[in-house]
Every structure is written in C-alpha cells, then in structure tokens.
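Q: Dropping a structure here in structure tokens format, bear with me for questions.
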Amino acid sequence: MHIAEGFLPAGHALGWTLAAAPFVAHGARAVVKEVRENPESTLLLGAAGAFTFVLSAIKLPSVTGSSSHPTGTGPGAILFRPPVMALLGTVVLLFQALLLAHGGLTTLGANAFAFAVVGPWAGYGAYRLTRAAGAGLLPAVFAGVALADLATYLMTSLQLALAFPDAASGLTGALAKFLGVFALTQIPLAIGEGLLGVLLFRVLTVNARPELERLGILQPAAVPATTGGAA
C-alpha cells in the first residue's frame, strides 16, 4: 500500500489501474444508491472515509518504494459492504497522493486495488465467516478489520514481486522477501487495528445502534410484550 510515485513499471501501473477501475466504478454506483435510499447514512459514510484517511496516513518505514500503515478500511467494509469502500478508499489514496505525497498518481491503480478492493473484500469475508461460525459482533469485527489490513499488504507484496522478481529465485523468492520485510511491522499493526476496530464498534453500538440495526450489523432490540386487563 502506498507504492511510491513512479516505482512500478509503466505496464504494471496501467494493468493495475485497469484492474481496479471496474471496482471503483461499481463503488461509485453503490455510494450514490446508499445516499439516495438512506440519506441518514451520509454522516456515517463521511466518518468511515475520514477514519480511513486518518488511520492510513500514519506512516512507518518498511521497504524501499513503500511503507507500512494501518489501513482503516475494515470498519467501512463491515458497515457498508466492500463496493462502497472501493470508492472511498480510492478517494482517500488520491488525496493522500496529492496532499501528503503518500503513494502517487501513476501507482494509484495498484494502491487502490490492494487497499480499496482486496483489503475490504478480505476483511468483509472474514467478518461474515466469523459471524456465521457463531461468534459475536466484536470478535467478528476484530477478525475482519485485522484481515483487511493484512490482505492489503499481501496484495502489495505480490504487486512488488511481480514487478521486481528476484534474479535467482524469481517471483516466489521476491514475494517471500517482500512479505518477510512487511511482516515485521504489519502483523503488529493488524492486531492493533483489529483492537481499535473493536473499540470503535463498542462506541457505535451505544451511540448509533439504530443505524447499525438498519445496516444489518445488529438485530433490532426485542420490544417487550404488553399485557392488558380490566382493573
């Protein structure tokens, strides 16, 4: 994630842009539909985008041409589904490239594919599978948010390995090297991000329960039955 401007060969940069484009276009339609059908979601959508922007702006040096960050895409994917995060995540990356010099315009497609497509889908899948296995909301949130982070960096490592295969061991060797370097910072970051996601959803369950119920995250609270009788 945040592969630097000009770091990828032109063919790779173009290929990843073409791969990401359909997901971003679908995400734009999903956001428009969500806002039209549920205008009350606008504030929470903005909060999800802001959370992603702030968290992913935290930068830790990792490997030449890239860096390690939290991603912040997991909560938005759980709340609004991955297509929405394809757009929000790409917008976040664009502003970070323009304002913070994190990533770049030529590598926007590659970064978006890892950060705004693969990460959210992996995180959402982990969340749904954990819930389906009978776990509660918070363990599922931890799994989803942590895996969204890790999957982003697995994809970034693959992108770098495809662009710069090892002279001796080829793609496999390069992938192992990139994963090994990223793991030093990314595994602790993913665990920390998962715990932060749990804290965030604990707050939301208290302060935004109706919205979580509408989004299908929580079941509506049961209304106690009333009994009547003559005095």
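Q: Of all residues being in a helix (DSSP H, G or I) and farther than 18 Å from Leu87 by Cα in the range 1-32, which is most open to solvent (accessible area, probe 1.4 Å)? Just the residue, please. Reasoning before the result, please.
A: Going residue by residue through the range 1-32, those that are in a helix (DSSP H, G or I) are 10-32.
Filter again for farther than 18 Å from Leu87 by Cα, leaving 10-15.
On the way: Ala10: 84, Gly11: 57, His12: 58, Ala13: 12, Leu14: 104, Gly15: 38 Å².
Residue satisfying both the conditions and the ranking: Leu14.
Q: Given the conditions (1) open to solvent by 30 Å² or more (accessible area, probe 1.4 Å); (2) of a type in the set (A, V, I, L, M); (3) in contact (Cβ under 8 Å) with a residue 40 or more places away in the chain, report the number of the one that Ala167 does not fulfil.
A: Of the numbered conditions (1) open to solvent by 30 Å² or more (accessible area, probe 1.4 Å); (2) of a type in the set (A, V, I, L, M); (3) in contact (Cβ under 8 Å) with a residue 40 or more places away in the chain, the odd one out for Ala167 is (3).
Q: Only residues in the range 9-23 that are closer than 17 Å to Met155 by Cα count as the first member; pair them with residues that are open to solvent by 60 Å² or more (accessible area, probe 1.4 Å) and not in a helix (DSSP H, G or I), Cβ under 8 angstrom, at least 6 apart or cross-chain, and list the lot.
A: Close Cβ pairs satisfying both conditions: Ala13/Thr106.
Q: Quick check on the range 174-190: of everything there that is open to solvent by less than 10 Å² (accessible area, probe 1.4 Å) and over 16 Å from the mean Cα position of the chain (by Cα), which residue is modelled with the highest pLDDT? Walk me through it before giving the result.
A: At the first step, the residues of the range 174-190 found to be open to solvent by less than 10 Å² (accessible area, probe 1.4 Å) are 174, 182, 186, 190.
Still in the running and over 16 Å from the mean Cα position of the chain (by Cα): 174, 182.
Working: Ala174: 90, Phe182: 78.
Of everything passing the filter in the range 174-190, Ala174 is modelled with the highest pLDDT.
Q: Right, Lys33: of a type in the set (Lys, Arg) and closer than 23 Å to Ile191 by Cα or not?
A: No, not satisfied.
Q: Just name the residue that is farthest from the chain's Cα centre (by Cα) out of those in the range 193-223 that are of a type in the set (Gly, Ala, Ser) and open to solvent by 40 Å² or more (accessible area, probe 1.4 Å). So that I can check it myself, show each step before the final result.
A: Residues of the range 193-223 of a type in the set (Gly, Ala, Ser): 194, 197, 208, 216, 221-222.
Of the ones still in play, those that are also open to solvent by 40 Å² or more (accessible area, probe 1.4 Å) are 216, 221-222.
Values: Gly216: 19, Ala221: 29, Ala222: 32 Å.
Step by step, filter the range 193-223, then rank; the result is Ala222.
Q: Still on this model: Sort through Ala112, Ala116, Ala77 and tell me the only one that's open to solvent by less than 20 Å² (accessible area, probe 1.4 Å), more than 18 Å from Ser157 (Cβ to Cβ) and out of contact with any strand residue (DSSP E or B) (no Cβ under 7 Å at 6 or more places or on another chain). Outline the logic, then answer.
A: Numbers: Ala112 fails: more than 18 Å from Ser157 (Cβ to Cβ); Ala116 fails: more than 18 Å from Ser157 (Cβ to Cβ).
When all the criteria are applied, what remains is Ala77.
Q: Let me ask you something else. For the range 37-148, list the helices (runs of 4 or more DSSP H) that sit wholly inside it and hold at least 3 residues that are under 22 Å from Ala13 (Cβ atoms) and without any contact (Cβ under 8 Å) to a residue 40 or more places away in the chain; which are they?
A: 82-99
Q: State yes or no: is Pro210 part of a helix (DSSP H, G or I), farther than 28 Å from Ala20 by Cα and not aliphatic (A, V, I, L, M)?
A: It is true that Pro210 is part of a helix (DSSP H, G or I), farther than 28 Å from Ala20 by Cα and not aliphatic (A, V, I, L, M).
The values are calculated or read from the model by the stated rules, or taken from the named source; none is laboratory data. Quick caveat, the model's predicted, so the values are computed rather than measured. Neighbour counts run over all protein chains shown; Cβ positions are idealised from the backbone, glycine included. Note: accessible area is taken over every heavy atom of the protein model, side chains too, but ligands, DNA and RNA are not part of it. Shrake-Rupley method; radii C 1.70, N 1.55, O 1.52, S 1.80 Å.
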